[in-house]
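Each value in this text was obtained by applying a stated rule to the coordinates, not by laboratory testing. Bear in mind that the values here come from a model prediction, so they are computed numbers and not experimental data. Cβ: placed from backbone, ideal geometry, glycine included. Neighbour counts: every protein chain shown.
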Amino acid sequence: GTFVVDTILPELNVSNNESSQNIVANLYPYNNAKEETTNPIEIYNNDTTAVITIKEKNFFADRTVITVNGDPVTNVIWSTSADVNTAEILFNENGDYNIAVKYTDVFDGSADSIEKAEYTASKSICVDKVAPVIEIALSGDKREYYNSDVIAFVSVKETKFRMHAFIAVMQASL
């Protein structure tokens, strides 16, 4: 009979297509303790394509589970070049996306059992094609000159607003 010797472990990666590399920012989200995590969310202000690669000599697509926000992605088309197997998923709507990939490598451990090993990769992205809106309102009646204190009210509408990244510069002149 025929047998295959495969001693190389699969390598999984989730990245983004170079043509969509218009990253506005890497946002480090907070965990429940309000501490920044080490896994950034890449924020794109345009469409982006997630590129999933699995380097595996004996690749079987049916052993791969891809989820976006916990929901399985079933319409994945794989292409293969040498040992590199690639799939792409387009994200063209505003939203937060958690992409997770799991690949199960099956190998014969003995004549009586089949052993399995699972490998994973993940990435978080945000597509935010809506520009922030900043509004400023002043207390009191609307006029050009004031001879008393004026309070400025600043309103920012932004999907991924972070107070520590906001800088307000006030200028006054006589």
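So the values come out like this:
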read-out	value
Calculated FRET value between A117 and F161, using beta carbons and R₀ = 45 Å, to 0.05	0.60
Coarse-grained scattering of segment 43-111 at q = 0.15, 0.22, 0.23 Å⁻¹, given as base-10 log I(q)/I(0) from a Debye sum over alpha-carbon atoms	-0.56, -1.00, -1.06
19 Å Cα-Cα threshold exceeded, pairs from K129/K160; K102/K160; K102/K129	K102/K160; K102/K129
Spin-label pair D71/A168, simplified geometry with 7 Å Cα→Cβ offset, distance in nm	3.9
GluC sites (Glu not before Pro) restricted to segment 116-164 and DSSP loop, no more than 16 other C-beta within 10 Å	E144, E158
Under 28 Å from the Cα of K142 - lysines, other chains or at least 8 residues apart	K157
